[in-house]
Every structure is written in C-alpha cells, then in structure tokens.
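The values are calculated or read from the model by the stated rules, or taken from the named source; none is laboratory data. Here the structure is a predicted model, which means the values were calculated and not measured. Virtual Cβ from ideal backbone geometry, glycine too; neighbours counted across all protein chains shown.
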Amino acid sequence: MSSEHEASANGPRGPLAEDATARAPAAAERDGGPRPTEPGPPDARSAGAIDRRSFLMTLGAAAAAATIGTGRAAAETPGSEEDPYAMLVDTTRCVGCRTCEASCAEANGLPPPDMMDDAVFQKVRNPSETQFTVVNRFQTSKGEVFVKRQCMHCRKPACAAACLTRAMLKTTSGPVVWRENKCMGCRFCMVSCPFDRLAFEYHSAVPRIRKCTMCAARLKDGGKPACAENCPAEAIVFGRRSALLEEARRRILAEPDNYVHQIYGEQEVGGTSWLYLASVPFDQLGFRTDLGETPYPKLTEGFLYAVPVIFATVPALLLAINRATRPAAEPVVPETRHEHPETEALARA
Amino acid sequence: MSTLRPKHSPAPDAAAPTSDRVRHLWRFLLGELKPKGPLLTWFNAISIPIMLLGAVLLWIRFTQGLGAITNLSQQVPWGLWIGFDVVTGVAFAGGAYVLTLMVYVLRVEKFHPIVRVTVLNGLLAYIFYAGALLLDLGRPWAVINPIIGNSFGVSSVLFLVAWHFMLYMLAALLEFSPAIAEWLGWRRAHRILNGLTLGAVIFGVTLSVLHQSGLGALYLMAKGKIHPLWYSEFIPVLFLVSSVFAGLSLVVFEGAISRRVFRLRMSPEHHSQHDDIVLSLARISAGAMFVYLFLKLLDFVHGQHAALLATPMGAWYLLEILGFVLLPCMLFLRAAQRRSTRLALVASGMALVGVLLNRLNVTVIAFKWYEPVRYVPSWQEVVVTLAVISAEIWAFRWIVNRMPVVSPPPEWAAEDSGAAPALKYRPLETEA
C-alpha cells in the first residue's frame, strides 16, 4: 500500500465527517467545501473530472496534514465505539485476483482456495464455513466489476443483539467476533444477519459459526487485516472509520464520473465497518439496497421494552380481576388453606 | 371395564416407617410402568417404527452434524424443526394458558372438566416441542450458558423466549401437580400444590403472553427475508392473538379424539357437559379469530401491499387468510348457532391448518421466498418431527391412563378441595 493511501486513511477529520452524507452531490459539495487542501467540488464538476495526478497531489497534501495532525498510524491507535476500525473496498480498483481470499485463508488457517480456477466466477458466491471472504464477478453497465464479500462488521450488529449467550460480540475497536465457549449453535444470528454473511458448520458434531473476524487478533498486535495488507491493487484500505469515509468522499469528489455518489455501508443498517465504493449502482453488484438505515437491533427493541411492562402489569391486573370477582358469600380461597393445621386433614383421613 | 379406573396408590398409614413407605412407592411406580392397554394397536404399529427410526436419525445427527440429515443451509438456518416443532407446537399449546385464565382467574366454572387435560397437553407440548429446540441446537451442551453464569444476552428475544419456556414448564407443572399428588396418594403435598395453583396460573399466563408473542418477535430481525405480506412489525401481536384460537381449536380437536380413546375414563358429568363446552370454545375461538382478522386487515392496509395480492404469493396469502381463518371463523359461529359439535370439530381442524400455514409461512415458506433454490425439509427432518409428536402422544397416553386427568379424582382429593382440580370457595365455617 502506498503512503498516500495509508496516510489518507488517517486524514484529518472534518467536523462534519460523521453526519455528512455523500449520496447526493449537493451533500458532497457541502461537506467537501470547507476543506482547504481539496479542490472545491464546483471546480471538479466544471472540469468534468480531475486527472489522476492532481488527485494524488491532493492526497499528498492531505497526508502531510495528517502527519502533522495525528502523528500516529491508524493501526496504533485503538478503534473506539465512536470511531471503530473499518475497511474501505474500492471496487473500481479490484482486479479480481482473489489474493484476499488466499491471504485470508492463510491468516485464518482455512483450506487454501484454488487460485487457478476461474470457474468460481460463474456464480455468485457467499462466504462459507471454509471461506471467510469471496470475490464475485458482476457484469454491469460499466463492464466487469469484482466485489469482495465478507461479514460487514455492522456498528450495531443484528447478530450480536440476537445472540442469547453473547457469543457474538461487537468489540469496541470494531470487529464483530464469535466466541466458541459461549455459543450454543442456535443460529439465530444467521436468521438475523441482514447480509447473510455467517456460516455454520453443518457437517460437524462440534459445529462453529464461521465468519470474517476482521483479523481481530492481528489488530490487537498492531497489524492490519490480512486482505488489506496483501491486496496488490490497493483496493482494500484499512483505517479508522471516519478517516475512511473521508477518503471515500475524496475519491468520489475527485472523480465524480467514475463513482456512484454513495458509500455503501455509511448509512446501511445504521452503518457498517466495511465500506464500499463502486462505479455502478450497488444493486448491480449484488448488494441489498432495501435494508434501510435503521440499526437492526432497533427492530426488536420495542418488544423487549414491553417485557418488563407486561411483567409488572399483567399479574397485578389478573390478581385484581380474580379478587374483584370473588363471590361475596364464599370469601375463603383454598390457597390460604394450608395455613390450617395439617393434623386436621390427617385426622379426617 | 371398571378395572380401567386407576387404582390409586393406597399409601400405607402415615404412621408407617419411612422405609416402608419408600418401598411401597417404589413397588407402586414399578407397577405403573407396565402397559395398561392392548399393545397391538394401529397407533403403536405406526408410532413405534417412527420413533425407532427417529432415534437412529438423531444418533446420526448428533455424531455427524445437522447437515447429515437436514436440508438446512447457510441461507436457511431454521427449518421444519423450528418452524413446525417449536413455533407451531407452542402456538397449539396456547389452550393451556387461555383455559387456566378463564377457569382460575375469571372463574368460568364451565370449563373446569377440561382444564386439567388441557394443562397436561400444554405441559407436554412444551416439554416435547419446545424441547425439540435442543435437537436443532448445534452445540446443545452450551444450552446451560444463558441460564447460568455470565452469558446473559438480554438484548436477545431468544434469551427471553428460552427463559420463558423453562419458567412456563415449571408453572404448567405446578398447575398439573395436584394430579400427580393424587396419583401418588400424597395428601399433604396435594393440599399445598392445590394452593399454589392460582399463583402458577397468573405467572403462567403472563409468561405465555410474552413468549407466544416472543416467538413472533424472533422474526422481527429477519426483515427483508420474509415476504412483505407476512413480515410485519406487529408479528408479536398477531402471534399472540392467533395462539388463543390455535390453542382452543386444539382443545376442541384433541377433545374429540380423547373422548373416543379415553371414553371409559370419563365421568358421566364430563360426557354430558362436553357439547356445551365445545360450543362455548367455538364461540370464543370465533371471537379471537375476528380480532385476528381485523388486525391482519389493519396490517395489510398499513403495509400498502395491495399490488402483491396479484402474485402467486398473494394468492397463497389469501388462501391462508380467507380459507383458513375467515371460513373457520364463520363455521365456528354457525356451529355455535346450530349447536353442532361436528361442525365445530370441522372448523377447529381448519383453524389448526390456518395457524399451521401461518407459522410455516413466516418461518419457512415465505422466508427467503426470492431464493432460486428453496428449502424443502428432508424426509429425515419429517421423520424426526413425527417421532417427537409420537413420543408426546405416548407420554400423554401414559399419564392419562394412570393419573386422574380425564377421569375423576379420588374421593379424598375431592374432599380436600371440592371437585379436585377445581378451585372451590368455601365459607370459613366449614374450614374451622
């Protein structure tokens, strides 16, 4: 990975970075406007597109600002709940070499994929129990596009909210991890996952849930996820989420004709830690675009809030009804009867 | 045929030494293990091979993994075992909470004769059908995790449902326990357990309200995976309301069978009240179905899915709603008007099919309706499901043939508490 990209991943965080949206050009304009190191969006738009050289210069300036501003590399600063670790996949750069698949398999001790076999592209694949990430090929209005798939590491993950043993856990630094000693294999996480990126070992007597871990162990040691480290096309960038959103917006602004003006994962289901850029609308690339922006755990929140209310009111109400309808002439109910001496019953018997 | 009436353990004198009493109880239990009816019946001939085959299949499942006998996949992680055994089975068990609510809380004495058999049905349904959840767990030994220790996933609906299943089994067991005490001849325990009934009922009803709806809430996060005609933010409410008529319909349906199979055990009063009870249940079911239909209509209008009705899934939806909710609702009303228990039986059967369709639609049929390759349960999954049902019926038969469930309780119990399972109210003077 070149220094530009790495540095830009740590770029200065604009005050509007979190709440700005890059979907509409107008929003992008508003957001990109105040930054001094960038060409103003109106210029970029009037020129049609800026060339690569000026784009790289811009990034260089951003890198300089970043070095002065933070002085630390992304992997050294722990991610936080507000600004977790994240990954940016630029599908316009991906060449479909599947090196990420191979390095992922190596890093996670999975069977190595057959790299020579291009037949894998003939159908759309999903991550499986032996592959935490897969690259798919899509024929789009702008030609072939390759898209890597894996767990999206949602900011408010449905799987973690679904887990009744807290086996599926959202770590504060960003990765969603699965803990073997807690899991009871109910697969409610799989039912809940909006992206269907979890895999279960159906052919094992001691099955596990398998998924991308965002190389949580490597992150802890100050490293990067294997796929990001090994991507020869620099299509995968690792960094803090806010920084990656900045970078993504910058790319869209720099080449507005090369990208759809949307960062997939910025708002979807409340935001994910994996962010995607693409040259064609995301529904052409196998992404679900109907998921909405509500975090999935919100869907059950109302029900769960009702539970203590029901528990407090229903028994009281039922008891009240029972007592209120007690026939006046027969005031004694049997549950008070065991207060009476047992001997009486025995004597009767 | 008077021998069919269970001989209640004549517990030896309370004064007898403990060792004698334990020995007596042991001998009694051993005696009760012996079959009480003919061994060669149609039901046995069918259910025994199914259960044996089911046991073999489960052995394969636990040694080689779920994939060895099920058609579950990464795309469809929950299939027939959850959709039918657990979700539908628990809805059908709803009769227990509805009837105990009516009899013990609202004091509708009319339903007293059937409350015990319904509670038994509910208890066994939870043990076997909710218990079938264990078969579906990939790592069942870890099932203890959400119960003990530091792994409380309180943000999970399944956590709530799992706890409620366990607690409700306890409540249902308490509600049924006087029958067990009568069977064993434990008078002191009988008296105490009888006194716990109202508390257990109130607790049980509260739990049922929450987990019947909770089973629906499980699917709230499957938004986008369930066809919009079935997905609704009101699934919990719809599941709760439909569990009322699902449970009552099962009481009517099962009552008709039990009445034939166990006719010799039933008291004449029970027989004479049967029609009246069935017709009342028909009326209540029709009312619950009306509420359900109204909610469904609201939900349909609110969802603005009218255009979807013209699709094949739309036709399937209409069949479920009109054919198996509206029609049996009207049949129930007609049955109550004409005092026709036969019509009520037909209506209850259709209502059960309707609830079955609804639950399977939400969990299996309309789940991932867009996938090119659809989940269809394997024959092994079906066999295991049938084995679970068979085992439940065996347990039910075993208990009904031994404990005073449909048969009248022993006289001493009636003396203790009026007509045994009944909660009778006596003036203070008779107590003192």
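The residue that is farthest from the other protein chains (Cβ to nearest Cβ), counting only those in segment B:162-179 that are surrounded by fewer than 24 Cβ atoms within 10 Å (Cβ to Cβ) and free of Cβ contacts under 8 Å to residues at least 40 places away in the same chain, is B:170. Step by step: first the residues of segment A:216-226, then only those that are closer than 25 Å to residue A:147 by Cβ and out of contact with any strand residue (DSSP E or B) (no Cβ under 9 Å at 6 or more places or on another chain), then the one that is nearest to the other protein chains (Cβ to nearest Cβ). Which residue is that? Only one residue tops the list, namely A:226.
Candidates B:201, B:205, B:157: the one that is over 19 Å from the mean Cα position of the chain (by Cα) and within 12 Å of chain A (Cβ to nearest Cβ) is B:157. Within segment B:226-246, is there a residue that is within 14 Å of chain A (Cβ to nearest Cβ) and among the acidic types (Asp, Glu)? The answer is yes, given that some residue of segment B:226-246 is within 14 Å of chain A (Cβ to nearest Cβ) and among the acidic types (Asp, Glu).
Here is a check on your reading of the model: is residue A:141 hydroxyl-bearing (Ser, Thr, Tyr), under 23 Å from residue A:100 (Cα atoms) and modelled with pLDDT under 95? It would help to see each step written out before you state the result.
Values: hydroxyl-bearing (Ser, Thr, Tyr): yes; under 23 Å from residue A:100 (Cα atoms): no; modelled with pLDDT under 95: yes.
Here the answer is no, as residue A:141 does not meet what is asked.
The residues in segment B:113-136 that are surrounded by fewer than 19 Cβ atoms within 10 Å (Cβ to Cβ) and at the interface with another protein chain (Cβ under 10 Å from one of its Cβ atoms) can be counted, and the count is 1.
In a helix (DSSP H, G or I) and either within 14 Å of chain A (Cβ to nearest Cβ) or hydroxyl-bearing (Ser, Thr, Tyr) (or both): does that describe residue B:57? It is false that residue B:57 is in a helix (DSSP H, G or I) and either within 14 Å of chain A (Cβ to nearest Cβ) or hydroxyl-bearing (Ser, Thr, Tyr) (or both). Scanning segment B:137-161 for residues that are crowded, with 19+ Cβ neighbours inside 10 Å, part of a helix (DSSP H, G or I) and modelled with pLDDT of 90 or more gives B:157, B:158, B:159, B:160, B:161.
Being among the basic types (Lys, Arg), in contact (Cβ under 8 Å) with a residue 40 or more places away in the chain and touching a Lys or Arg at 6+ places or on another chain (Cβ under 9 Å) is a condition met by no residue of segment B:354-363. The listed residues are A:229, A:247, A:293, and the only one of them that is surrounded by fewer than 23 Cβ atoms within 10 Å (Cβ to Cβ) and touching a strand residue (DSSP E or B) at 6+ places or on another chain (Cβ under 9 Å) turns out to be A:229. Looking at this structure, is residue B:301 over 28 Å from the mean Cα position of the chain (by Cα) and more than 22 Å from residue B:241 (Cβ to Cβ)? Against the criterion (over 28 Å from the mean Cα position of the chain (by Cα) and more than 22 Å from residue B:241 (Cβ to Cβ)), residue B:301 does not qualify.
Quick check on residue B:185: is it over 21 Å from the mean Cα position of the chain (by Cα), at positive phi and surrounded by fewer than 21 Cβ atoms within 10 Å (Cβ to Cβ)?
Details: over 21 Å from the mean Cα position of the chain (by Cα): yes; at positive phi: yes; surrounded by fewer than 21 Cβ atoms within 10 Å (Cβ to Cβ): yes.
Yes: the conditions hold for residue B:185.
The residue of segment A:290-301 that is farthest from the chain's Cα centre (by Cα), among those that are more than 8 Å from every other protein chain (Cβ to nearest Cβ) and part of a helix (DSSP H, G or I), is A:301.
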